[in-house]
Amino acid sequence: VLDGMPDAVAVVDAGSTILWNNERLRSLANKGNIVGESFFAALGGPAIVGGDTSPFQSALKHSQAATSLLRTKEGKHDQLHAVPMPDLKDGAPHLVVTVRDVSLETAQQQKLAAIQTAGRELAGLRPEDVYHMTVLERKELLKKNILQYTQDLLKFDVVEIRLLDPRTGELHPLLEHGMDAAAASRILHAKRDDNGVTGF
């Protein structure tokens with residue numbers, strides 16, 4: 001059962017030496033037999049970039065689970081979860097360690113954090129800078145920053161932003177990039193039917 005799990009599993013001692021591991025951990029380590037090796041060395045020395053900085057020591061010291069976020073040299077992110085095992089007959093402390101790939105979730109969180117930062121930077125123009133700019137210059141600066149962040153953070157090749165006229169419901173073009181002229185010039189309304197559903 002443990003060999004068939006999608007998560008990597010190991011039993012380690014207090015010195016982080018691997019006593020047992022499943023097939024998934026061996027494939028992560030990209031080695032054959034890793035019993036007897038130091039846990040982190042077997043995985044190629046990933047960096048601890050979040051959570052508990054010493055998960056094994058913390059789990060043993062506090063007798064409770066400890067979690068860390070690891071970053072591999074290839075840039076992947078794994079979540080490590082260490083749980084103390086019940087005392088064995090010899091009384092030596094052991095830990096059950098699981099490792100799960102969280103690269104996708106971590107990338108999404110980083111993207112959201114970057115978007116929030118970009119939003120603060122977009123709104124963070126100094127009043128004295130804005131004061132000396134014309135309305136057209138302000139719009140152009142805003143459009144330039146929005147386009148830059150949208151391409152850099154979201155990796156979008158096609159971007160369109162329109163402003164809603166609350167009186168008519170029409171969506172007026174503000175910014176477009178990567179669209180053909182016909183698509184960019186179409187008249188859109190924020191309505192539940194017809195072509196307005198695109199804007200809605």
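Which of the listed residues, 134, 70, 94, is farthest toward the dipole's positive end in region 47-176, when Lys, Arg count +1 and Asp, Glu count -1 at the beta-carbon? It is 94. Normalising the Debye intensity of region 25-118 to I(0), with uniform scatterers on Cα atoms only, and taking log10 at q = 0.10, 0.12, 0.13, 0.20 Å⁻¹ returns -0.32, -0.45, -0.52, -1.03.
Relative to the Cα centre, the charge distribution of region 94-157, modelled as +1 at Lys and Arg Cβ and -1 at Asp and Glu Cβ, gives a dipole magnitude of about 100 debye. Between residue 153 and residue 85, the simple label model (points 7 Å from Cα in the Cβ direction) yields a spacing of 4.6 nm.
Dipole magnitude for region 1-62: about 80 debye, using +1 per Lys or Arg Cβ and -1 per Asp or Glu Cβ, origin at the Cα centre. Computing semi-axes √(5λ) of the Cα gyration tensor in Å for the structure here picks out one of (1) 31, 17, 15; (2) 53, 20, 15; (3) 23, 20, 16, namely (2). For the pair residue 11 and residue 109, a Förster radius of 25 Å applied to the C-beta separation gives a FRET efficiency near 0.25, rounded to the nearest 0.05. Note down the net charge around residue 3, summing +1 for each Lys or Arg and -1 for each Asp or Glu among other residues with Cβ under 15 Å from its Cβ. My count for the surroundings of residue 3 gives 0. Please work out the FRET efficiency for the pair residue 172 and residue 129, using the Cβ-Cβ distance as r and a Förster radius of 30 Å; give the result to the nearest 0.05. Using R0 = 30 Å, I get an efficiency of 0.70. A straight Cα-to-Cα reach below 26 Å connects residue 144 with the lysines 111, 155, residues fewer than 8 places away in its own chain not being considered. The distance linking region 135-181 with region 68-84 is 38 Å (Cα centroid to Cα centroid, whole angstrom). Other residues whose C-beta falls under 13 angstrom from the C-beta of residue 156 contribute a net charge of -2, scoring Lys and Arg +1 and Asp and Glu -1.
Let me check I've understood the local charge: for residue 145, count other residues with C-beta under 12 angstrom from its C-beta, Lys and Arg +1, Asp and Glu -1. What total comes out? Taking every Cβ under 12 Å from that of residue 145, the sum is +2.
Among 171, 69, 28, the residue with the largest mean-square fluctuation in a Gaussian network model of the chain, with springs joining Cα atoms closer than 10 Å, is 171.
The relative contact order of region 139-196, computed from alpha carbon pairs under 8 Å that lie at least 6 residues apart in sequence, is 26 percent.
Which of 164, 70, 25 ends up with the largest GNM mean-square fluctuation for the chain, with Cα atoms connected below 10 Å? Comparing 164, 70, 25 in the GNM, the peak value goes to 164. Positive end of the dipole of the chain, charges at C-beta (+1 Lys, Arg; -1 Asp, Glu), about the Cα centre: which of 25, 118, 158 has its Cα farthest in that direction? Positive-most Cα among the choices belongs to 118. Assigning unit charges at the beta carbon (Lys, Arg +1; Asp, Glu -1) and nothing else, what dipole magnitude in debye, to the nearest 20, does region 1-127 show about its Cα centre? Result for region 1-127 is approximately 480 debye, rounded to the nearest 20.
Since every read-out is calculated from the coordinates, none of them should be taken as a lab result. Bear in mind that the values here come from a model prediction, so they are computed numbers and not experimental data. We place every Cβ from the backbone using ideal geometry, glycine too, and count neighbours over all the protein chains shown.
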